Amino acid sequence: MSDKRWLPETLFDDLGFRMTFAVDKVLYEQQTEHQHLVLFEHTHFGKMLMLDGATQVTARDEFIYHEMMTHVPILAHGAARNVLIIGGGDCGIAEEVLKHKSLKSVVQVEIDESVVAFSKEHFPEFTTPVFRDRRFESVIADGMKYVAKTDRRFDVIIVDSTDPHGPGKVLFSQKFYAECRRCMTAGGVMVTQSGVPMFQSDGLTSAIVKFRKLFADGYCYVAAIPTYVGGHMAMGWATDNTKMRHLSVKTIAERYRKAGRFQTKYWTPEVHVAAFALPRFIAENVAKANRLARRTGAESRSQPTRSRRRN
């Protein structure tokens, strides 16, 4: 038997299973003020980051999550100028967002300064282009407090949170979503990390019920990310523009062309449109959320939001 260290994914302990990763080399490990962070080398997945026993990023498949969390809302919106990222301290989301040259500003709000610091050292492929871009602003702050107090307005909000434990728990609350809506422009869109429906269906249902209390359209789209064990990963979707997720491949392809046809490894116009076609068990989860919203009198807003100041 090898003495090699194994790190467990403990996210689904309550379901009775773990997935473990053999550690070739620990690159960085620290118990920060907010969470336990470990970065290590894995034979197959390359560099891997885990926070509090949950896989966050791997060099092998990070492009799937980052591309789908960014290009889908930005190109669906079609005229985004200002983007807010909540979380995302590794800068993988920001690196993809900034490929859109039409954007005016990208603000990233990360609660844990040490995550940004170690990312500058260990994920320069993300952080170097991001911090060189004059449109990018890094804010070290509590995301909940930021959206509650800021007077800035954003066309797209991307919530790149950890799972709903510890400091990330508040980012799944009704109050947080309400404050996000407050600082969105009319017709803006918010996307969220909404877990793996096969194992976290209650969390997805809860998120969509909360969306439907605030927005005309609460939904999700999906992607397959190997290291987020459990099959499909759901991205929560909230907007008052009910047409935004029904755009044609032709429309998305044209917007992509105008954006410069930057290189992608997972996202395509066809994948973009298809991502909203949900497997039945996930679609039933969404339908359940809509029923719950109606039952509690939380009908979605059918009228456009009032005009909001744009930066």
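The values are calculated or read from the model by the stated rules, or taken from the named source; none is laboratory data. As the structure is a computational prediction, the values presented were derived from the model and not from experiment. Heads up, the Cβs are rebuilt from the backbone with ideal geometry, glycines too, and the neighbour counts pull from every protein chain shown. Note: accessible area is taken over every heavy atom of the protein model, side chains too, but ligands, DNA and RNA are not part of it. Shrake-Rupley method; radii C 1.70, N 1.55, O 1.52, S 1.80 Å.
Can you figure out the FRET efficiency of Arg280 with Gln30, using R₀ = 30 Å and their beta-carbon distance, to the nearest 0.05?
Working: r = 43 Å, r/R0 = 1.43.
E between Arg280 and Gln30, to the nearest 0.05, is 0.10.
Sorted by packing (mean other beta-carbon atoms within 10 Å per residue), highest first, where do 190-203, 82-95, 249-262 land?
Details: 190-203: 21.0, 82-95: 26.6, 249-262: 14.4.
The packing order, highest mean first, is 82-95, 190-203, 249-262.
Heavy atoms of the protein only, probe of 1.4 Å, neighbouring chains included. What is the accessible area of Met244 in Å², nearest 10?
That residue has around 10 Å² of solvent-accessible surface.
Students sometimes get this wrong: rank Tyr221, Tyr28 by accessible area, probe 1.4 Å, all chains present, largest first. Please list the in-between numbers first.
Numbers: Tyr221 0, Tyr28 55 Å².
Result, largest first: Tyr28, Tyr221.
Can you give the accessible area of Arg245 in Å² (nearest 10), computed on protein heavy atoms with a 1.4 Å probe?
50 Å²
For Asp202 and Glu121, FRET efficiency with R0 = 25 Å and r from the beta-carbon atoms, rounded to 0.05?
On the way: r = 38 Å, r/R0 = 1.50.
Calculated transfer efficiency: 0.10.
Accessible area, 1.4 Å probe, largest first: how do Glu62, Glu270, Glu33 sort?
Most to least solvent-accessible, the answer reads Glu33, Glu270, Glu62.
Which shape class applies to segment 9-165: rounded if a/c is under 1.5, otherwise prolate when a/b exceeds b/c and oblate if not, where a ≥ b ≥ c are the square roots of the Cα gyration tensor eigenvalues? Mind showing how you got there, number by number?
Numbers: a/c = 1.75, a/b = 1.61, b/c = 1.09.
Here segment 9-165 falls in the prolate category.
Answer with one residue from Gly87, Leu27, Val147: the one whose Cα lies farthest towards the positive end of the charge dipole of segment 20-152, charges on Cβ with Lys, Arg +1 and Asp, Glu -1.
Positive-end residue among those listed: Val147.
For the chain, what is the mean residue ellipticity at 222 nm derived from helices alone (per DSSP H run of n ≥ 4: -39500 (n - 2.57); sum divided by total residues; nearest 500 deg cm²/dmol)? If you can, show how the numbers build up before the last one.
Numbers: 10 runs with 107 residues, N = 311.
The per-residue figure over the chain is -10500 deg cm²/dmol.
Between segment 50-81 and segment 224-240, what is the separation of their alpha carbon centroids in Å?
10 Å
So if I take the alpha carbon set of the chain, get Rg, then get Rh from the Kirkwood formula, what is the Rg over Rh ratio? Numbers along the way, then the final one.
Numbers: Rg = 18.7 Å, Rh = 19.7 Å.
That ratio is 0.95, to two decimals.
Where a ≥ b ≥ c are the square roots of the eigenvalues of the C-alpha gyration tensor, would you call segment 125-283 rounded, which needs a/c under 1.5, or, failing that, prolate if a/b is larger than b/c, or oblate? Provide the component values of the computation, followed by the final result.
Details: a/c = 1.29, a/b = 1.04, b/c = 1.24.
It is rounded, given that a/c, with a ≥ b ≥ c, falls under 1.5.
Below 18 Å, Cα to Cα, which lysines can Lys288 reach? Residues fewer than 8 away in the same chain don't count.
Cα-Cα hits under 18 Å: Lys210, Lys213.
Would you count, across segment 1-143, every pair of lysines whose alpha carbons are under 22 angstrom apart, provided the pair is eight or more residues apart or spans two chains? Show your work: numbers first, answer last.
Values: Lys4/Lys25; Lys4/Lys47; Lys25/Lys47; Lys25/Lys120; Lys47/Lys120; Lys99/Lys120.
The result is 6.
May I ask you to rank Lys145, Lys288, Lys101 by accessible area, largest first, using a 1.4 Å probe over the protein chains only? Intermediate values should be presented prior to the final figure.
On the way: Lys145 125, Lys288 85, Lys101 150 Å².
Descending order: Lys101, Lys145, Lys288.
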